[in-house]
1. Can you tell which of Leu67, Leu35 is within 20 Å of Leu10 (Cα to Cα), of a type outside the set (Asp, Glu) and in contact (Cβ under 8 Å) with a residue 40 or more places away in the chain?
2. Just wondering, is there one or more residues in segment 24-45 that are basic (Lys, Arg), under 23 Å from Lys85 (Cβ atoms) and under 17 Å from the mean Cα position of the chain (by Cα)?
3. For segment 30-49, which residues satisfy the criterion of being surrounded by fewer than 17 Cβ atoms within 10 Å (Cβ to Cβ) and in contact with a strand residue (DSSP E or B) (Cβ under 7 Å, 6 or more places away or on another chain)?
4. Residue check: is Gly117 surrounded by fewer than 18 Cβ atoms within 10 Å (Cβ to Cβ), at pLDDT 95 or above, within 19 Å of Val55 (Cβ to Cβ) and small (Gly, Ala, Ser)?
5. Only one of Arg164, Arg84 is among the basic types (Lys, Arg), outside any strand (DSSP E or B) and either crowded, with 18+ Cβ neighbours inside 10 Å or out of contact with any strand residue (DSSP E or B) (no Cβ under 7 Å at 6 or more places or on another chain) (or both). Can you tell me which?
Amino acid sequence: MKNAQLILDLENTIENIPDFPKPGIQFKDITPIFLNPKLYEDVIADLANFSRGKVDAVCGIESRGYLFGIAVAVALEVPFVLIRKAGKLPPPFVGVKYDLEYGSAEIEMRTGQIKPGQRILIHDDLLATGGTTEAAARLVEKQGATVSQFSFLIGLQDLHGEERLRQFDADVYTILDYKTF
């Protein structure tokens, strides 16, 4: 069950920026959360409670997935593994290419930082279409581990990212859910 007070506090803190970064987009600015240490702690506690006892490591997606993912890993007392844009990590690493709306991208992680058979939580700040998160899950699978959970601060429901992630048979958790249309 979701924490109603936390949802209310976040809704009163996150700023809606219309027409950013382009016309028609309603940007959700999460940076005011970091001005309130108690609220940040509450977010971390909520995300950690979702995963407690169910994961062996947390993988965070560059870069906003690090903002909460590292603290969640610390709260769970499990390792944190960086998932980065291509070309940012020294070898050895493994990468996955994926399609974007216009073009493609690639993400990478260092090999050996997660182990075969581990249960992995993949964390990012926002779930939209799920393309980057799906690619992150493929990275985890390439190393023989299993994605057991995905967590996000915000989910944009009508972009169907959660549906895209169902193929991994993993729990998906968002603290806040918004409709974009």
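The values are calculated or read from the model by the stated rules, or taken from the named source; none is laboratory data. Quick caveat: nothing in here was measured; it's all calculated off a predicted structure. Methodologically, a virtual Cβ is constructed for each residue, glycine included, from the backbone with ideal geometry; neighbour enumeration extends over all protein chains shown.
1. Leu67
2. Residues of segment 24-45 basic (Lys, Arg): 28, 38.
Of the ones still in play, those that are also under 23 Å from Lys85 (Cβ atoms) are 28.
Subsequent filtering for residues that are under 17 Å from the mean Cα position of the chain (by Cα) retains 28.
Scanning segment 24-45, I find at least one residue that is basic (Lys, Arg), under 23 Å from Lys85 (Cβ atoms) and under 17 Å from the mean Cα position of the chain (by Cα), so the answer is yes.
3. If the condition is that a residue be surrounded by fewer than 17 Cβ atoms within 10 Å (Cβ to Cβ) and in contact with a strand residue (DSSP E or B) (Cβ under 7 Å, 6 or more places away or on another chain), then Pro32 is the only one that fits.
4. yes
5. Arg164
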